[in-house]
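Student: To start, I am sharing the structure in question, which I have written as structure tokens.
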Amino acid sequence: MTSATDGPHAAPTVAEFNPETFLVVPARTFEDLRVGEVFRAPSRTLTDAHAAAFQTVSADNHPVHYDAEWARRHGHDAPVVHGLQVLAFTAPGATLFPHFIGEVFIGFLEVSCTFLAEVHTGDTLYPALTVTGLDPRGDDGVVTTAATIHNQRGELVLSGRHKYLLRRR
């Protein structure tokens, strides 16, 4: 009989373990990325607690975000989730993208978006980043992604763009 420390399935010893090689997914480079690749974030149903936390952090105290009667008087079905909170769901760190490019990531260059429909608490959001451009620039490269968020009804509620600077090989 063999023990857990014998054979091909043996656990590595402390001396063999290297935290620098402990990756969630295999590391990739700028050259490994492909236009059309999609990096999804887990879906998330927004709650009143999410909206209240963002209101506290952002200090945005406009009544459209928390006063149901004010929102209705001004043509909204319910208080509207902060647009910047919705945009935050496109953060690359919400997907596996930064795990793939962590060793070559230099910086987040640009973000833009258009809010296409209101988001309310109770809505479930489905964010995704799709690689739309790969622009080599000397030793570096710019990755452009389309940032999208759909709701539970399949409506596109946010459309945007991110740009990242990565080191090339």
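Student: Run down Ala59, Ala78 and say which single residue is small (Gly, Ala, Ser) and touching a Ser or Thr at 6+ places or on another chain (Cβ under 9 Å). Even if it seems obvious, please write down each step before you answer.
Tutor: Numbers: Ala59 fails: touching a Ser or Thr at 6+ places or on another chain (Cβ under 9 Å).
Only one candidate passes the filter, namely Ala78.
Student: Next question. Say we look at the stretch 25-65 and pick out the residues that are of a type in the set (D, E, K, R) and within 19 Å of the chain's Cα centre (by Cα); which of these is farthest from Ala147 (Cα to Cα)?
Tutor: First, the residues of the stretch 25-65 that are of a type in the set (D, E, K, R): 28, 31-32, 34, 37, 40, 44, 48, 60.
Okay, now just the ones that are also within 19 Å of the chain's Cα centre (by Cα), so 28, 34, 37, 40, 44.
Numbers: Arg28: 21, Arg34: 16, Glu37: 12, Arg40: 10, Arg44: 16 Å.
Filtering the stretch 25-65 for residues that are of a type in the set (D, E, K, R) and within 19 Å of the chain's Cα centre (by Cα), the one farthest from Ala147 (Cα to Cα) comes out as Arg28.
Student: Turning to a different aspect of this structure: Looking only at the stretch 149-162, which residues are surrounded by 15 or more Cβ atoms within 10 Å (Cβ to Cβ) and either at positive phi or touching a Phe, Trp or Tyr at 6+ places or on another chain (Cβ under 8 Å) (or both)?
Tutor: Ile149, His150, Asn151, Val157, Leu158, His162
Student: Considering only the stretch 38-54, state which residues are in a loop (DSSP other than H, G, I, E, B) and exposed (fewer than 12 other Cβ atoms within 10 Å of the Cβ). Lay out the reasoning, then the answer.
Tutor: Let us first name the residues in the stretch 38-54 that are in a loop (DSSP other than H, G, I, E, B), namely 41-43, 46-47.
Residues satisfying the conditions are Pro42, Thr47.
Student: Right, another one. Exactly one of (1) within 30 Å of Pro79 (Cβ to Cβ); (2) of a type outside the set (A, V, I, L, M); (3) outside any strand (DSSP E or B) is unmet by Tyr126. Its number?
Tutor: For Tyr126, the exception is condition (3).
Student: Further question on the same structure: Between a first residue in the stretch 132-152 that is among the hydroxyl-bearing types (Ser, Thr, Tyr) and a second residue that is at pLDDT 95 or above and open to solvent by 60 Å² or more (accessible area, probe 1.4 Å), which pairs have beta carbons less than 8 Å apart while being 6 or more apart in sequence or on different chains?
Tutor: From residues that are among the hydroxyl-bearing types (Ser, Thr, Tyr), the pairs are Thr132/Val35; Thr132/Arg161; Thr144/Thr132; Thr144/Asp135; Thr144/Arg161; Thr145/Thr132; Thr145/Arg161; Thr148/Leu156.
Student: On the basis of being open to solvent by 20 Å² or more (accessible area, probe 1.4 Å), modelled with pLDDT of 95 or more and touching a Ser or Thr at 6+ places or on another chain (Cβ under 7 Å), does Ala146 make the cut?
Tutor: On the way: open to solvent by 20 Å² or more (accessible area, probe 1.4 Å): yes; modelled with pLDDT of 95 or more: yes; touching a Ser or Thr at 6+ places or on another chain (Cβ under 7 Å): yes.
For Ala146, the condition - open to solvent by 20 Å² or more (accessible area, probe 1.4 Å), modelled with pLDDT of 95 or more and touching a Ser or Thr at 6+ places or on another chain (Cβ under 7 Å) - is met.
Student: I would also like to ask the following. Is there a residue in the stretch 84-99 that is touching a residue at least 40 places away in the same chain (Cβ under 8 Å) and in contact with a helix residue (DSSP H, G or I) (Cβ under 6 Å, 6 or more places away or on another chain)?
Tutor: Yes, the stretch 84-99 contains a residue that is touching a residue at least 40 places away in the same chain (Cβ under 8 Å) and in contact with a helix residue (DSSP H, G or I) (Cβ under 6 Å, 6 or more places away or on another chain).
Student: Among the helices (runs of 4 or more DSSP H) confined wholly to the stretch 55-123, which include 3 or more residues that are open to solvent by 80 Å² or more (accessible area, probe 1.4 Å) and farther than 30 Å from Thr29 by Cβ? Break it down stepwise before answering.
Tutor: Values: elements: 68-73, 83-88, 97-101.
Output list reads 68-73.
The values are calculated or read from the model by the stated rules, or taken from the named source; none is laboratory data. A quick note: this is a predicted structure, and the numbers were derived from the prediction, not measured. Glycine gets a Cβ as well: all are built from the backbone with ideal geometry, and neighbour counts include every protein chain shown. Areas reflect the complete protein model, heavy atoms only, side chains present, ligands, DNA and RNA absent. Shrake-Rupley method; radii C 1.70, N 1.55, O 1.52, S 1.80 Å.
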